[in-house]
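Notes to accompany the following structure.
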Amino acid sequence: MTVRRSFNNFWLLLALAPMLSMLGAMPATAANLQISPVTINMRAEQNSAGITLQNLGDKPLYGQVRVFSWDQASGEEVLSVTQELIASPPIVEVAPNGRQIIRLVRQASGPLALERTFRVLIDEVAREVDPERSGVDIRLRYSVPVFLLPATGAGKEVLDWQVFRKDGEWMLRIKNSGNFHAQIGAMTFKNAAGTDYLISKGLFGYVLAGRMREWRLPVANDAALDGVLAISVNVNAKAIIAKNSTP
């Protein structure tokens, strides 16, 4: 089953969680629940990994854990129910001032030619069920990206940048022809006249291996972004200078 626009009841909430949080922008700590790590990289020979939930409060916390295959198609995020990576246990109770480890286990071992990507959704839920409400009472929602690295080692992103207009608005399209994801961070554009446009101060989004993503840019419609731009950007936590390709 594939998630694009809609789902029913509990699955809708689960499916939309990472999209609403820019697929990675959710904080690692909120209220009394702390999650570590916030990103997981699994090597080709690695069959399992762990996520630690820590309850900093004086009352027990209850949660549900689901794993989705994470892909990108037509410039948008796509989540699909998967059995390729299993979370255990799927239902958790974290004691006051206690910890709970969630194990993520691959169901098929072996090397990968292209990086595989997943989203682990962890929802803090109410223990009591309110008969007046439908669905699940989700109090807090976390989204943890999981990357299964290709057999060739760390892998490499290969990016092509395009800035263009669509319906009168400025858009950014990034194509990744590499075998490794690209995490796009703080970003500034500089045009030929030397004018700077701040696009992002922190995490902007991800472009998965062999995929393409599009975003509306947070600039005015009359911004001077025609022609070649100097793009100062953090890609996978490394500062680089890129240039956009022009039609």
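Overview of values
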item	result
18 Å Cα-Cα reach of K166 towards lysines, excluding residues that sit fewer than 8 places from it in its own chain	K175
Other-chain or far-sequence residues with amide H under 5 Å of Y206's (modelled H)	I184
Under-5 Å amide H pairs with G75, H placed in peptide plane, nonlocal only	M212
Alpha-carbon Rg/Rh ratio, for segment 159-243, with Rh computed the Kirkwood way	0.94
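Each reported figure results from applying straightforward, stated rules to the coordinates on display, with no laboratory input. A quick note: this is a predicted structure, and the numbers were derived from the prediction, not measured.
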